[in-house]
Structures are given as C-alpha cells and as structure tokens.
Amino acid sequence: MKTRESGMPEEAVWSRFFDPEAIFDALQLGADTGDTVDFGCGYGTFALPAARRICGTVIGFDIEAEMIGISRQRARDASLPNVRFEQRDFVAEGSGLADRSVDYVMHFNILHAEERMRLLREARRILAPGGRVGIIHWNHDPKTPRGPSMEIRPRPGDCHRWVIEAGFTVTDPIVNLPPYHYGLVGRK
Ligand SMILES: C[S@@+](CC[C@H](N)C(=O)[O-])C[C@H]1O[C@@H](n2cnc3c(N)ncnc32)[C@H](O)[C@@H]1O
C-alpha cells in the first residue's frame, strides 16, 4: 500500500529542493559507508549520489514501476555499477533483506507515513550493529514549496521520538538542511 501523500512533482522540480552531498555530510553517510538501503527511492535523487560516495552497494525500493524505471535508467546513464532498484511494497512486504545485513538506511521524506514505526523497525532489523538510519523531512512550515499537508507533517521532535521508540540511539542534534529540510541520525 502506497504511503499517504507520497506523490512527487517532475524530477527537475523535485531535485531543486535538495543538496544531497550536504545532506550526506550532515547525516554521516560517507566513503566508509557499506551497503545502504533507500526506502521509497523516487527518482533516485539520493540513491545515485549515495552510490557515487559510499564503498558499498545502494538498494533502492519503490512501489511505483515508473520510479524504478527512471532510477534504473539514470543509473545506467551514469554507469554506476553499485546501485540497484527493486519494485516493492515495503509497507506490506518489508524489505526482504536479511537481519543485520546493511550499514545504512535512508528514510528520506517518508516518515509522514502512518506505518512509520513499521518502517523504522524494519530499518533496525536489517541494520548491522552500529549501523545508522538517516532521516530527513520537510520543515514544519506551511511556506515550504512542497511537502505533506501540515496535519500529517512530522515535527523534528516527532521523528526524534519515533527513532528512539524504534530502539535507536540518537546522540547528535537534529540538523538544519537548507533550504527546506531537517535531518537526524539514529544508531543501532
Ligand atoms: C515523497 S517520495 C520521496 C522519494 C525519495 N525518498 C526522495 O526523498 O527523493 C515517497 C516515495 O515513496 C514511494 N512509496 C510510497 N509508499 C511505498 C510503499 N508502500 N512501498 C515502496 N515505496 C513506496 C513513493 O512511490 C514515492 O516514490
């Protein structure tokens, strides 16, 4: 089942809202990061630059065949060998990955989902000890050019609480990710 309000504008519009390199720097995804999973990869906005940066492989999941097709084509165009995309409903089916098998999980612009605790617990299950979940979301500000409706848009404190509830440790402060986002990291 597709998570609520997870539609996106066209890729050229969407990509203008983010600076992936600055986000990775802030959320501890670096050259030493191993296998990484992107839950709801969309256009591959983060999966592709993550693959260029890390030493592991990126796996991007999305329920939409169109998103998977676009992401795969972009990876081919960029000749990126260490990224793959799989059409999958991770709310209904989980990730299908083994326990403790990956190093980093991206939950980017997805935790407004009603099933957020299921997603966070799945992230924790597949992460190796010491692995990280990185979260970004739209600022809790009605003036942002996109983002879920304010009624369901999580505040930074909500994400912080959910990550702890899912069993992660959060040691670093919530970071501002201009122009429109904030982020945090949970450690298993
Ligand atoms: C708001 S977009 C965010 C995309 C990407 N994380 C980003 O920040 O650029 C949410 C994405 O999650 C996907 N999605 C929603 N529900 C899903 C589900 N149950 N299983 C897999 N993907 C899902 C949507 O198709 C969409 O591409």
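Values computed for the structure shown
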| item | result |
| --- | --- |
| Whichever residue in region 1-53 is away from the ligand (no atom under 13 Å from the Cβ) and of a type in the set (D, E, K, R) and, among such residues, is surrounded by the most Cβ atoms within 10 Å (Cβ to Cβ) | Asp35 |
| Given (1) surrounded by 16 or more Cβ atoms within 10 Å (Cβ to Cβ); (2) in contact with a helix residue (DSSP H, G or I) (Cβ under 9 Å, 6 or more places away or on another chain), number of the condition Gln87 does not satisfy | (1) |
| Hits in region 58-69 (condition: touching a residue at least 24 places away in the same chain (Cβ under 8 Å) and more than 10 Å from the ligand (Cβ to nearest atom)) | Val58, Ile59 |
| Region 142-160: number of residues that are assigned to a helix (DSSP H, G or I) and surrounded by 13 or more Cβ atoms within 10 Å (Cβ to Cβ) | 4 |
| Filtered residue count, region 54-71, keeping only those that are outside any loop (DSSP other than H, G, I, E, B) and crowded, with 17+ Cβ neighbours inside 10 Å | 9 |
| Failed item in (1) touching a residue at least 24 places away in the same chain (Cβ under 8 Å); (2) not in a helix (DSSP H, G or I); (3) not basic (Lys, Arg), with Pro49 passing the rest | (2) |
| Every pair of residues 6+ apart whose Cβ atoms lie under 6 Å, when the first sits in region 118-134 and is at positive phi while the second is open to solvent by 10 Å² or more (accessible area, probe 1.4 Å) | none |
| Answer residue from region 92-110, given it is of a type in the set (A, V, I, L, M), crowded, with 21+ Cβ neighbours inside 10 Å and more than 10 Å from the ligand (Cβ to nearest atom) and is farthest from the chain's Cα centre (by Cα) among those | Val102 |
| Test: residue in region 169-181 that is closer than 24 Å to Asp32 by Cα, in contact (Cβ under 8 Å) with a residue 40 or more places away in the chain and either touching a helix residue (DSSP H, G or I) at 6+ places or on another chain (Cβ under 7 Å) or within 16 Å of the ligand (Cβ to nearest atom) (or both) | yes |
| Inter-residue pairs, beta-carbon under 9 Å, first of a type in the set (Phe, Trp, Tyr) and in region 73-94, second open to solvent by 80 Å² or more (accessible area, probe 1.4 Å), 6+ apart | Phe85/Arg72; Phe90/Arg118 |
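The values are calculated or read from the model by the stated rules, or taken from the named source; none is laboratory data. Everything quoted here is computed from the prediction, not taken from an experiment. Because the Cβ atoms are built from the backbone with ideal geometry, glycine has one as well, and the counts that use them run over all protein chains shown. Quick note on the areas: whole protein, heavy atoms, side chains included, nothing else; ligands and nucleic acids left out. Shrake-Rupley method; radii C 1.70, N 1.55, O 1.52, S 1.80 Å.
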